[in-house]
Amino acid sequence: RRNFIIMPVKILLNGSNGRMGRAISDSAAECGCEIAAACDIGSRPEDFIENCDVAVDFSFREATAALAELCAKYGKPLVIGTTGHTPEQRAQIENFSKIIPIVWAGNYSLGVNLLNHLAKIAATTLDESYDIEIVEMHPRHKKDAPSGTAEKLKEIVCACRNVGEDKVCYGRHGQVGERPVGEIGVHALRGGSVVGDHTVIFAADGERLELAHKAADRKVFAKGALRAAKWLAEAKRAPKIYGMETVLFGE
Ligand code: NAD
């Protein structure tokens, strides 16, 4: 029998000093990866990218486009975990997906990716007499709202109902009147050290369906992001943007 030595996937980690950055560093070895370059504010990723297989970004929305540009220049695939990008920043990043493959997900946990799937089934099955409300809770330090995951859930249910952003109501305050039929409510709670909770509620007269996911440890996101990095490294992927569902369930 021959023994094969499987080389770890070399990661350039952007945002390495942050909460997610540390969770990724802690999980790298058990996921068959190695943090070959740990970058944060003040680092020069251009000095390290050539020696890495994949870049993983869990930093700040301002930083992602520059990293995507660097990856495109060196032909390195990219995993984006950072959330909260403006439409302009999104467009800039999307441009680089013509050159390199990018896995881009607002949430890398297996449970949330299944929640997306279940929300789609529920929103397709239940008609407008079921009011949809999306509620998320995150730690007090989180800078953007609603969360990328709540945004994705909103997009899923809006697509199933064939409605646009004009039907979405972000929070309520004052004399709001009766809830319009077909409205989609999105609510962001912040506090303490909550890692990340998401609930999609379908409320009708006489019954209510609640699909809920609660993350208790950042490691679930870290392991998912490293799985995405390995998926990008193990085969030559076509340059485009992939969701986590492709990594988990195939194309
Ligand atoms: P954090 O504030 O703890 O860490 C962010 C890190 O990025 C900090 O160390 C900061 O110094 C660094 N940073 C800021 N600007 C930078 C720059 N220009 N270049 C390099 N590094 C820079 O935040 P966090 O909780 O670790 O979250 C990071 C991001 O990941 C957020 O956008 C958050 O919403 C997102 N997130 C995504 C998922 C997911 O599964 N997709 C899960 C959790 C968090």
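The values are calculated or read from the model by the stated rules, or taken from the named source; none is laboratory data. Quantities reported herein were computed from a predicted structural model and do not represent experimental measurements. Heads up, the Cβs are rebuilt from the backbone with ideal geometry, glycines too, and the neighbour counts pull from every protein chain shown. Areas reflect the complete protein model, heavy atoms only, side chains present, ligands, DNA and RNA absent. Shrake-Rupley method; radii C 1.70, N 1.55, O 1.52, S 1.80 Å.
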Using a 7 Å offset from the Cα along the Cα-to-Cβ direction at both Val163 and Glu50, what is the distance between the two label points in nm, to one decimal? 5.4 nm
Tell me, in nm to one decimal, what length is gained between Arg190 and Ala212 on full extension, where the rule is 0.36 nm per residue of separation less the Cα-Cα distance? 6.2 nm
How much length is gained on full extension from Ala91 to Asp127, taking 0.36 nm per residue of separation minus their Cα-Cα distance? 9.6 nm
Take the solvent-accessible surface of the protein heavy atoms, probe 1.4 Å, and return the percent of it on the stretch 110-251 that carbon and sulfur atoms account for. 52 percent
Can you compute the charge dipole magnitude of the chain about its Cα centre, using +1 on each Lys and Arg Cβ and -1 on each Asp and Glu Cβ, nothing else charged? Give it in debye, rounded to the nearest 20. 900 debye
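Dividing the Cα radius of gyration by the Kirkwood radius, what Rg/Rh value follows for the chain?
On the way: Rg = 19.4 Å, Rh = 19.2 Å.
In the chain, Rg relative to Rh is 1.01.
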Per residue, in Å², the accessible surface of the stretch 26-115 once ligands and nucleic acids are set aside, probe 1.4 Å: 46 Å²
Placed amide H near Cys33: partners under 5 Å, 5+ positions off or other chain: Val9
Sequence of Asp57, Asp40, Asp47 when ordered by accessible area, the most exposed leading, probe 1.4 angstrom: Asp47, Asp40, Asp57
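Could you work out the mean projected area of the convex hull around the alpha carbons of the stretch 18-161, in square nanometres to one decimal?
Details: hull surface 39.8 nm².
Computed as one quarter of the Cα hull surface, the answer is 9.9 nm².
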Return the long-range amide H neighbours of Ile184 (sequence gap of 5 or more, or a different chain), with a cut-off of under 5 Å between placed amide H atoms. Val168, Cys169
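Taking only C-alpha pairs under 8 Å that are 6+ residues apart, what is the relative contact order of the chain in percent?
Working: 466 pairs, mean separation 58.1, N = 251.
Reported relative contact order: 23 percent.
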Radius of gyration and Dmax over the Cα atoms of the stretch 12-87, both given in Å: 11.5, 36
At 7 Å along the Cα-to-beta-carbon direction for both Lys236 and Glu34, put a label point, then send me their distance in nm to one decimal. 2.4 nm
Across the stretch 235-251, in residue order, what do the Karplus-derived ³J(HN,Hα) couplings come to in whole Hz, using 6.51 cos²θ - 1.76 cosθ + 1.60 with θ = phi - 60° and x for Gly and Pro? 8, 7, 9, 5, x, 5, 9, 10, x, 5, 4, 5, 4, 7, 10, x, 7
Cα-based Rg of the stretch 105-233 normalised by 2.2 N^0.38 Å, two decimals: 1.10
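Determine, from the Cβ-Cβ distance of Tyr74 and Glu251 and an R0 of 30 Å, the FRET efficiency 1/(1 + (r/R0)^6), rounded to the nearest 0.05. Mind dumping the intermediate values first?
Numbers: r = 25 Å, r/R0 = 0.84.
The pair Tyr74/Glu251 has a calculated efficiency of 0.75.
Taking the Cα centre of the stretch 198-251 as origin and charging only Cβ (+1 Lys, Arg; -1 Asp, Glu), how large is the dipole, in debye to the nearest 20? Could the numbers behind the result be given before it?
Values: 10 positive and 7 negative charges, 109 e Å.
Using Cβ point charges on Lys, Arg, Asp and Glu, the stretch 198-251 gives about 520 debye.
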Helix-only mean residue ellipticity at 222 nm for the chain, each DSSP H run of n ≥ 4 adding -39500 (n - 2.57), per residue, nearest 500: -10500 deg cm²/dmol
Which residue, Thr124, Tyr242, Ala36, has the largest displacement toward the positive end of the dipole of the chain when charges sit on each Cβ (Lys, Arg +1; Asp, Glu -1)? Ala36
